[in-house]
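S.K.: Next up is a structure, given as structure tokens.
Taken together, the values in this text are just the output of simple stated rules run on the coordinates, not laboratory data. Everything numeric here is computed off the predicted structure, so don't read it as measured data. Every residue, glycine among them, receives a Cβ derived from its backbone with ideal geometry; neighbour counts consider all protein chains shown.
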Amino acid sequence: MSPRRRDRPIRSRLIGLLLVPLFSLIALWAVTAGVTIGESLSLRTYNTLWSTLRRPADSLIVDLQAERLTTARYLGSHRTTDRDAMVLQRQRTDKTRQQVRTLALSDASRSATTPAMRTQVDEMLSGLSQIDEIRAEIDEGLSERLRAIETYNLVSDSIYRMHYSLALIDDIPIYQQSRVVISLGYAKELLTREQALEAAVGPSGGFNDEERKLFTQLVGNRRFLIDQALPELDAGLRQLHVNLITTPLYQRLRLQEEQIIAAPKLSARTQQVWQSTSDDLAESFQKAQTQAAALLAERAAPIADSILRRAVLAGGFGLLAVVASILISLRVGGRLARELADLRQAALDLANKRLPGVLVKLKRGEDVDVATEAPPLQTVGGTAEIQDVGRAFSTVQETAVEAAIGQARLQRGVSQVFLNLARRSQTLLHRQRTQLHGMQRHTTDPDMLEELFRLDHLTTRMRRHAEGLIILSGNAPGRAWRKPVPMYDVVRGAAAEVEDYARVNVLPMEDHGLDGAAVADVIHLIAELIENATIFSPPHTSVSVRGELVGMGFAVEIEDRGLGMTKERLEELNERLADPPEFDIADTDRMGLFVVARLAARRDIRVTLRPSPYGGTTAIVLIPSGLMVGPKDPDLARLAAGEVTPEDIILASLQRGPQENENTGEEDRK
């Protein structure tokens, strides 16, 4: 059985009950303040993200775009001058890449980013390693121009994915404008990819089918991005890009793109004009991007400060409300706790003093006045529900006392019925035994004597059952002995009161007697145990009864060879035998053991059941030494009868001494 959970006082439970809404209020206040302050801090971290991640990443994108362009030119021409330009650009890219890696892994950058942002940053840093791989393939001549361009494109895509993740801030307008600006930056990235594809053509001046298809897709995607992004920008940011796309330079770029897509082969003049136009426009795009990002960073700082001020004010007022709620709740809770504590004390007094006292008086047979023994509970306080509970307890108390009185009267009535029936049966059985004994003395027919003996044995059993009813009613049977009776005769008398007495084997016992006043109870007790042994064991087996003197008295063992009982059942019966409960009329299955428990309690006899080595059950009856009478010394018996004096006993002992010594000497000589 698990240990019982420790009960807590009502005050702690009330405080716990009040703390639930208080903690909810505190949690709500903390969440509200935290969200507001978090929004402010997230906006303030926008500048940190811009300085440690976005601006360095923009610089890296510019260098990657330049390296991709120089690499494409080298792969298209394989000239030494183009290779030298490619190598020089690689050095610039490596320097910028190392700066990006250092800032991305700094403490300021890590603390300003969320786990989702850090995942994208780590993915971007991992993607930068692809640059070294494609460089090695280009230097070994193992990479085609289209594969090299697409590898650089993948690295740029990872950077832009990081840009989009860093734009996730709680201010919706800034969030929306940031994503639009990033999309326009990606439009510039698509333009540089067009440059790389055109530069990779080289002196041949012609695209293959796959390259032409890719160039056409890049042109369409860039124009779509610009057309979709410009309407979503606010007036200030939109004007920066509108000034760009409305220039003649941008219109000339669009015409050149259409010529490149339509022409089967590009002339050197066309390539030179395209590269010049696209370079100027890419530079203008980059300037517009830098200005837009700076404007967004400037907008975030004052908004963050305003939100932080509102958060401090709201948090302060909220904290004051929480403290006031706590004080009021504790005051109300304390008053309720005192009222409930008074009610608890009154209920405990009812349960532990009043009702037990009433039950004790009823068991002693005393008369009980309900008004005196069950006065109404007195409660203090003005809470209506607590007053109702107090009145309900008073009603329950009165009902419980009345029920106990009725139960006690019923129990006394049933006991009186048992006693009257048993006394009447005893009278009739005594007359019947007297007649049977007279018939036995006047009958010489052996068969008739046997039948009369059986009737006498049946009458004896009936007398025992009648005595059982008397014991259940709380009275003592009428049989009694004035002198001690040997224990062997007591056990044999008990076995004679059992139906299957022939199966009972009573072993010889020491010559010790039982006090006459306890003989009837001990015979009845042992007879009940022997009868149980014969009933719950096979008919062909025997029941052994043995007895001997032990340190605590005289022990009698009744052992059968039945099926036995489980450990739990034995423990239950031993508990009932050691501490007999009140007799329940509905429980008649073990009425014999209840009678045994009553008799044992009356004579301070201990009865224990335990498993038998033969598989059955052994009942041990320990009769206390105070009920036993040992064998008397012959000299003490003569002294008690007045036949001799103490001097005669001493003189006789001295005369026996020399004679015994002489006899011993003669035997030694022999």
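S.K.: Starting from the Cα of residue 132, step 7 Å along the direction of its Cβ; do the same at residue 548; then give the gap between the two resulting points in nm.
M.R.: Label-label distance for residue 132 and residue 548, simple model: 9.4 nm.
S.K.: Could you give the nm distance between label points at residue 502 and residue 110, where each point is 7 Å from its Cα heading toward the beta carbon?
M.R.: So the label points at residue 502 and residue 110 sit 9.9 nm apart.
S.K.: Given the Cα-Cα distance of residue 254 and residue 88 and 0.36 nm per residue of separation, how much length would full extension add, in nm?
M.R.: Length difference between fully extended and current span is 56.7 nm.
S.K.: Among 95/188; 188/213; 95/213; 95/287, which pairs are too far apart, with a Cα-Cα distance over 27 Å?
M.R.: The pairs that break the limit, which is 27 Å between Cα atoms, are 95/213.
S.K.: OK, next. Can you tell me the mean projection area, over all orientations, of the convex hull of segment 483-630's alpha carbons? Units nm², please.
M.R.: 8.7 nm²
S.K.: Right, here's the next one. Compute the length gained on full extension between residue 541 and residue 625: take 0.36 nm times their separation in residues and subtract their Cα-Cα distance, giving the result in nm to one decimal.
M.R.: Length gained, residue 541 through residue 625: 27.0 nm.
S.K.: What whole-number volume per residue, in cubic angstrom, does the convex hull of the C-alpha atoms of segment 216-302 give?
M.R.: 89 Å³
S.K.: Also: Ranked from highest to lowest mean number of other Cβ atoms within 10 Å per residue, what is the order of the peptides 522-534, 142-154?
M.R.: Descending packing order for the listed peptides: 522-534, 142-154.
S.K.: Right, another one. How much length is gained on full extension from residue 489 to residue 267, taking 0.36 nm per residue of separation minus their Cα-Cα distance?
M.R.: Extending this stretch completely gives an extra 65.8 nm.
S.K.: Further question on the same structure: Would you please classify the overall shape of segment 133-275 from the alpha carbon gyration tensor, given that a ≥ b ≥ c denote the square roots of the eigenvalues, rounded means a/c under 1.5, and beyond that prolate means a/b larger than b/c while oblate covers the rest?
M.R.: oblate
S.K.: Continuing with this model, one more query. Sorted by packing (mean other beta-carbon atoms within 10 Å per residue), highest first, where do 565-577, 115-127 land?
M.R.: 115-127, 565-577
S.K.: Within 10 Å of each residue's Cβ, count the other Cβ atoms and sort 444, 81 from fewest upward.
M.R.: Lowest to highest Cβ neighbour count: 444, 81.
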